């Protein structure tokens, strides 16, 4: 029972990793680089499905019943989890490569858009063509980064090196591999 509950929680977590960038892509498609609270996600009570809702009157305190489902976003939680898994891994890879490139050039930025499946790096506004340009292209690279950092983290713990473990964990948190530890949670 506990394994089933953990798998369900993990699936919902991955779905959220898909829902959030989808909302950001919707906002960007409307020209909003900063959220105005027009969109939100809604996960069903049984965690079987999720959808994205749009407030017909942005900025007002419209009750949830007044929000409208965005076309094409009512999907199973596993569909959203699949989007989220790929987006999360692509994000990790993009951020990792961006950090490495910024050591030599501070003008590197990345873009990730789950609506169009685009994910790329730019330097001074120019596309870096040596790298993938899709989420699906970046996801395997993100998996490699994730595995490498988990191996380093576990090795530091195994070799009883708390300083190294803390440094690796901080990098993992910065890249989005791990969440920061919650206060009071053991």
Please work out the C-alpha center-to-center distance from the range 147-166 to the range 120-137 and express it in whole Å.
31
Ascending count of other beta-carbon atoms within 10 Å, so fewest first, for 26, 19, 127
127, 26, 19
Burial ranking of peptide ranges 40-46, 112-118 (average Cβ count within 10 Å, highest at the top):
112-118, 40-46
With Cα atoms, 0 to 90° folded angle of helix 135-158 axis to the chain main axis
50
What list of whole percents do you get for P(r) of the range 2-81, with Cα-Cα distances grouped in 10 Å bins up to the one holding the largest distance?
18, 46, 28, 7, 1
For the chain, longest principal axis from Cα atoms; helix 2-29 axis from its Cα atoms; angle between them, nearest 10 degrees, is 70
Obtain the radius of gyration and the Kirkwood radius of the chain from its C-alpha atoms and give Rg over Rh.
1.01
How far apart, in nanometres, would the label points at residue 109 and residue 155 be if each is projected 7 angstrom from Cα along the Cα-to-Cβ direction?
3.6
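So if R0 is 35 Å, what FRET efficiency would residue 63 and residue 34 give, r being the distance between their Cβ atoms, rounded to the nearest 0.05?
So, using R0 = 35 Å, E works out to roughly 0.90.
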Relative contact order computed over the range 83-186 (Cα-Cα under 8 Å; 6+ residues apart), in percent
27
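Hey, fewest Cβ within 10 Å first, where do 135, 52 land in order?
Values: 135 26, 52 23.
Sorted ascending by nearby Cβ count, the order is 52, 135.
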Between the modelled labels at residue 117 and residue 10 (7 Å from Cα along Cα→Cβ) the distance in nm is 2.6
On the principal axes of its Cα set, how long, how wide and how thick is the range 85-175? Give whole Å, largest value first.
44, 29, 18
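Read the figures in this text as sums done on the coordinates, not as results from a lab. Note that the structure is a prediction, hence the values are computed from the model and not measured. Here the Cβ is made from the backbone with ideal geometry for all residues, glycine too, and neighbour counts use every protein chain on show.
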